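The values are calculated or read from the model by the stated rules, or taken from the named source; none is laboratory data. These figures come from a predicted structure and were not determined experimentally. Note that we place each Cβ from the backbone using ideal geometry, even for glycine, and neighbour counts take in every protein chain shown. Keep in mind that these areas ignore ligands, DNA and RNA; they rest on the heavy atoms of the full protein, side chains included. Shrake-Rupley method; radii C 1.70, N 1.55, O 1.52, S 1.80 Å.
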Amino acid sequence: MNKLFPTLIIGTMTAISVHAAENKDFNYHVDRFADIEVLRYEVPEYNRLTLNQKKMLYYLSQAAQSGRDIIWDQNGKYNLAIRQLLEKIYTKYNGDRNSKDFKAFEEYLKRVWFGNGIYHHYSNDKFVPGFSQTFLEEQIANIHDCCLPLAPGQTREQFVKEILPVIFDPAVLPKKVNQDGKQDVVATSAVNLYGDGVTQAEVEAFYAKMKDPKDTTPISYGLNAKVVKENGKLKEEKYHLTGLYGPAIAQIIYWLDKAKQVAENDAQKAYITKLIDYYITGDLRLFDEYSILWAQDTKSDIDFVNGFIESYNDPLGMTGSWESYVNFKNGKSSERTEKISSNAQWFEDHSPVDKRFKKTNVKGVSAKVITAAMLAGDAFPATAIGINLPNANWIRAAHGSKSVTLENITEAYEMASHGNGYNEEFVIDAPTSKMMDNYLYITDMLHTDLHECLGHGSGRLLPGVDPDALKENGSTIEEARADLFALYYLPDSKLIELGILDNPDAYQAEYYKYMLNGLMTQLNRIELGKDVEEAHMRNRQLIAKWILENGKKKDKGGKDVVELTKKKGKTFVRINDYPKMRELIGDLLAEIQRITSEGDYAAGNALIQKYAVKIDPKLHKEVIERFSKLDIPPYRGFINPVYTPVYDDKGEITDITISYPENYVEQMMRLSRDFSTLTPKKGKSSCSL
Ligand code: ZN
């Protein structure tokens, strides 16, 4: 659960000198459709890597892309068939490619690629096609049987009858992940982590029986398995070499094994070996052993994540979505995070949290700034800007964790946002806007560092508290905890003492942005009439609204700490008292940590229902209207660079070059061509019918 996603990115910034970008003419913009903008990111300093390191990075990138089909299947059981069908139509369509139907079809396909399936990556809602069902039926009729993704024994008629409602009927499988605690979240989620007919109560009972409350080093139950019902009884179908997703996992293992042979050191070799063993067997004890070895390797330059990691897509928060990040260290910027992490105990000791809930001995939080080189699975095209792993609480407590900030990704977001008009439209006055221009780049980055490196790693559960006690609210509460920890420390003089910030007021840039985003601008990501659903968005609204409400003046003549005010008919956020706002953040942090440490489901749920879910419809409408004039996409993601081996006449690799030649469609079609590990090619590859 330890990922930080970008908030909406704010306008211009002047502190350009801190940027690492190598090429000021680099073109970040790739594509724009629906509510999405696709960017590309630069990989600065790639050419400082040795040949061996480049090889390793290449093999790990291949391993990363080999798992692509896994996340598609996890996100919904019809996704792979639908992708195959849509791509076939897209390639062979010979009508007017500028017609309304085809344009709408193309946009739908682009959205499906972005969501790794037919659901929105953030809202979890099913996409609504802008083309007619008749159009699709006509296109299917033009495709020969051998090119249709028919299941074994399935006829064309059966296929069409099955797939059309999945695409067109809003009542069929409407939501990827349903978090409405009043419903059966397993039965009502379309995500393909549970088989047909499985209920929430059954799954909870199934795992409750397996868990031993006295086990102090529990495996991450359910992390790598789909739960299905067979003869009325539940069982796990595990993801491993000879189990579910075996063909994809075989490819991943093949490339990991090649990477192992060019590993930088024995520690790295050891954890790759362990990861391979885990992929072969599916044994979660081995995954824990791998995680410990991985967390302890802080020396290697090249690093990666490859596996079933984050559980946001599981309504019960257990099964990991497959993802991969490949990266190398940004030495210069890592000096900043090393200063923070080497003072982790100081931050823990001075937090406003009750002593009983603090760690007396914070274990090696290692923090670094990295350059992302490949994003894959659930981390692609939409990606996080910070990661903190491993997720298992007992491993974090006993062996520490690794926290990373993806600086070249953050940078690409910022660079692509120049002059987009956001500040002018939403920030209350020129001085606030200027402060954000000057300090937001560094305070945003620091917020990510503090959130990942200290926030998620801080605090402890009281003995005997079930880590899953907060149930469907677990992700939101955990993100709130990490955000509050970061926000609490941004104004602290410790950061100036450590030489990380040079202005004691710099934090105000981040505070203003946070309140503006949590109270107003993030609403642009939500359709009118809907509630806030996604965990990070709920967390931000929870914090911002709680501060707004609890900072209301108590006596006559005083001012609200934060207020929503009108100027020329438009709503603005005004912060009247920044130091008092920090105190409120401290109060809420103490309460959220108590809820986590005691596993107080009722209190957590009450907070979320009161502050995090509901939206003022008038304000919502206003925000969307103001955004619509700016044409700022609510969501952004990335395509990856291309790595190409160069061979000598003996067939030895002499170099791996990096280039950025593809557009969005080209990259997606290439991935489907080269990495369709779970979608067997139908008929002869030469089939052109
Ligand atoms: Zn987080």
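If you check Val128 against the conditions, is it closer than 30 Å to Lys530 by Cα and of a type outside the set (D, E, K, R)?
On the way: closer than 30 Å to Lys530 by Cα: yes; of a type outside the set (D, E, K, R): yes.
So Val128 fits the description; yes.
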Subject >> Filtered residue count, segment 303-315, keeping only those that are of a type in the set (A, V, I, L, M, F, W, C) and touching a Gly at 6+ places or on another chain (Cβ under 8 Å) >> reply: 2
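It is to be established whether one or more residues within segment 202-211 are more than 15 Å from Met318 (Cβ to Cβ) and either assigned to a loop (DSSP other than H, G, I, E, B) or modelled with pLDDT of 95 or more (or both).
no
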Subject >> Positions within segment 170-192 being aliphatic (A, V, I, L, M) and closer than 15 Å to Asp531 by Cα, in sequence order >> reply: Val177
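Let me confirm something: among Ser300, Ser324, Ser311, Ser333, which residue is surrounded by 24 or more Cβ atoms within 10 Å (Cβ to Cβ) and out of contact with any His (no Cβ under 9 Å at 6 or more places or on another chain)?
Numbers: Ser300 fails: surrounded by 24 or more Cβ atoms within 10 Å (Cβ to Cβ); Ser311 fails: surrounded by 24 or more Cβ atoms within 10 Å (Cβ to Cβ); Ser333 fails: surrounded by 24 or more Cβ atoms within 10 Å (Cβ to Cβ).
After ruling out the rest, the residue left standing is Ser324.
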Original post:
Looking only at residues in segment 458-471 that are at positive phi and more than 16 Å from the ligand (Cβ to nearest atom), which one is most open to solvent (accessible area, probe 1.4 Å)?
Top reply: Lys471
Original post:
Say we look at segment 563-574 and pick out the residues that are open to solvent by less than 60 Å² (accessible area, probe 1.4 Å) and farther than 24 Å from Pro634 by Cβ; which of these is nearest to the ligand (Cβ to nearest atom)?
Top reply: Glu563
Original post:
Is it true that Glu598 is out of contact with any His (no Cβ under 7 Å at 6 or more places or on another chain), among the charged types (D, E, K, R), open to solvent by 40 Å² or more (accessible area, probe 1.4 Å) and in contact (Cβ under 8 Å) with a residue 12 or more places away in the chain?
Top reply: yes
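Restricting attention to segment 418-435, and to residues there that are among the hydrophobic types (A, V, I, L, M, F, W, C) and touching a residue at least 12 places away in the same chain (Cβ under 8 Å), which single residue is farthest from the ligand (Cβ to nearest atom)?
Within segment 418-435, the first condition is being among the hydrophobic types (A, V, I, L, M, F, W, C), and the residues that meet it are 426-428, 430, 435.
Retained after the next criterion (residues that are touching a residue at least 12 places away in the same chain (Cβ under 8 Å)): 426-428, 435.
Values: Phe426: 25, Val427: 26, Ile428: 28, Met435: 25 Å.
The qualifying residue farthest from the ligand (Cβ to nearest atom) is Ile428.
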Subject >> Subset of segment 635-671 (residues that are open to solvent by 10 Å² or more (accessible area, probe 1.4 Å), under 23 Å from His29 (Cβ atoms) and outside any strand (DSSP E or B)) >> reply: Asn640, Tyr660, Pro661, Glu662, Asn663, Val665, Glu666, Met669, Arg670
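Suppose the filter is part of a helix (DSSP H, G or I), open to solvent by less than 10 Å² (accessible area, probe 1.4 Å) and either at pLDDT below 95 or among the aromatic types (Phe, Trp, Tyr) (or both); does Tyr278 pass it? Steps first, answer last, please.
Working: part of a helix (DSSP H, G or I): yes; open to solvent by less than 10 Å² (accessible area, probe 1.4 Å): yes; either at pLDDT below 95 or among the aromatic types (Phe, Trp, Tyr) (or both): yes.
The answer is yes for Tyr278.
Scan segment 506-551 for residues that are among the aliphatic types (A, V, I, L, M), more than 16 Å from the ligand (Cβ to nearest atom) and part of a helix (DSSP H, G or I) and jot them down. Even if it seems obvious, please write down each step before you answer.
So the first thing to find is which residues in segment 506-551 are among the aliphatic types (A, V, I, L, M), and the list is 506, 509, 515-516, 519-520, 523, 526, 528, 532, 535, 537, 542-544, 547-548.
Now drop any that are not more than 16 Å from the ligand (Cβ to nearest atom), which leaves 506, 509, 515-516, 519-520, 523, 526, 528, 532, 544, 547-548.
Once the filter is applied, which keeps residues that are among the aliphatic types (A, V, I, L, M), more than 16 Å from the ligand (Cβ to nearest atom) and part of a helix (DSSP H, G or I), segment 506-551 yields Ala509, Met515, Leu516, Leu519, Leu523, Ala544, Ile547, Leu548.
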Original post:
Which residues, counting only those in segment 390-410, are open to solvent by 10 Å² or more (accessible area, probe 1.4 Å) and hydrophobic (A, V, I, L, M, F, W, C)?
Top reply: Ala392, Trp394, Ala397, Ala398, Val404
Original post:
From Glu106, Glu22, Glu42, which residue is at pLDDT 95 or above, open to solvent by 20 Å² or more (accessible area, probe 1.4 Å) and acidic (Asp, Glu)?
Top reply: Glu106
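Can you name the residue in segment 436-449 that is away from the ligand (no atom under 16 Å from the Cβ) and surrounded by 23 or more Cβ atoms within 10 Å (Cβ to Cβ) and, of all such residues, is farthest from Gln345 (Cα to Cα)?
So in segment 436-449, the residues away from the ligand (no atom under 16 Å from the Cβ) come out as 436-443.
Then keep just the ones that are surrounded by 23 or more Cβ atoms within 10 Å (Cβ to Cβ); that gives 436, 439-440, 443.
Numbers: Met436: 30, Tyr439: 27, Leu440: 26, Thr443: 21 Å.
Step by step, filter segment 436-449, then rank; the result is Met436.
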Original post:
Looking at segment 231-250, which of its residues are part of a helix (DSSP H, G or I) and over 24 Å from the mean Cα position of the chain (by Cα)?
Top reply: Gly246, Pro247, Ala250
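Here's the yes/no breakdown for (1) under 30 Å from Phe105 (Cβ atoms); (2) of a type in the set (A, V, I, L, M); (3) surrounded by 11 or more Cβ atoms within 10 Å (Cβ to Cβ):
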{"position": "Pro170", "(1), (2), (3)": "yes, no, no"}
{"position": "Pro174", "(1), (2), (3)": "yes, no, yes"}
{"position": "Gly181", "(1), (2), (3)": "no, no, yes"}
{"position": "Ser189", "(1), (2), (3)": "yes, no, yes"}
{"position": "Gln200", "(1), (2), (3)": "no, no, yes"}
{"position": "Glu204", "(1), (2), (3)": "no, no, yes"}
{"position": "Ile219", "(1), (2), (3)": "no, yes, yes"}
{"position": "Leu223", "(1), (2), (3)": "no, yes, yes"}
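Residue-by-condition table, conditions (1) at pLDDT 95 or above; (2) out of contact with any strand residue (DSSP E or B) (no Cβ under 9 Å at 6 or more places or on another chain); (3) open to solvent by 10 Å² or more (accessible area, probe 1.4 Å); (4) part of a helix (DSSP H, G or I):
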| site | (1), (2), (3), (4) |
| --- | --- |
| Asp96 | yes, yes, yes, no |
| Phe102 | yes, yes, no, yes |
| Pro129 | yes, yes, yes, no |
| Leu136 | yes, yes, no, yes |
| Pro149 | no, yes, yes, no |
| Gln158 | yes, yes, yes, yes |
Original post:
Just one of Met374, Met415, Met318 is within 18 Å of the chain's Cα centre (by Cα), surrounded by fewer than 23 Cβ atoms within 10 Å (Cβ to Cβ) and away from the ligand (no atom under 16 Å from the Cβ); which is it?
Top reply: Met318
Subject >> Every residue from segment 430-471 that is under 20 Å from Leu495 (Cα atoms) and in a loop (DSSP other than H, G, I, E, B) >> reply: His456, Gly457, Ser458
Original post:
When the residues of segment 625-683 are filtered to those that are of a type in the set (Gly, Ala, Ser) and under 23 Å from the mean Cα position of the chain (by Cα), which remaining residue is nearest to Ile249 (Cα to Cα)?
Top reply: Ser676
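Select from segment 472-484 the residues that are more than 10 Å from the ligand (Cβ to nearest atom) and touching a Phe, Trp or Tyr at 6+ places or on another chain (Cβ under 8 Å) and list them in ascending order.
Step one: list which residues in segment 472-484 are more than 10 Å from the ligand (Cβ to nearest atom), which gives 472-474, 476-477, 484.
Asn473, the sole residue that qualifies.
Could you check, for segment 112-126, whether at least one of its residues is over 22 Å from Val38 (Cβ atoms) and open to solvent by less than 20 Å² (accessible area, probe 1.4 Å)? I'd like the intermediate steps shown before the answer.
If we filter segment 112-126 for residues that are over 22 Å from Val38 (Cβ atoms), which is where we start, we get none.
Within segment 112-126, not a single residue is over 22 Å from Val38 (Cβ atoms) and open to solvent by less than 20 Å² (accessible area, probe 1.4 Å).
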Original post:
Restricting the search to segment 472-491, which residues are open to solvent by 20 Å² or more (accessible area, probe 1.4 Å), in a helix (DSSP H, G or I) and in contact with a helix residue (DSSP H, G or I) (Cβ under 6 Å, 6 or more places away or on another chain)?
Top reply: Ser475, Tyr488
Subject >> Test result for Glu452, of a type in the set (Asp, Glu), touching a strand residue (DSSP E or B) at 6+ places or on another chain (Cβ under 8 Å) and either open to solvent by less than 30 Å² (accessible area, probe 1.4 Å) or within 11 Å of the ligand (Cβ to nearest atom) (or both) >> reply: yes
Original post:
When you scan segment 317-343, how many residues do you find that are of a type in the set (A, V, I, L, M, F, W, C) and touching a helix residue (DSSP H, G or I) at 6+ places or on another chain (Cβ under 6 Å)?
Top reply: 3
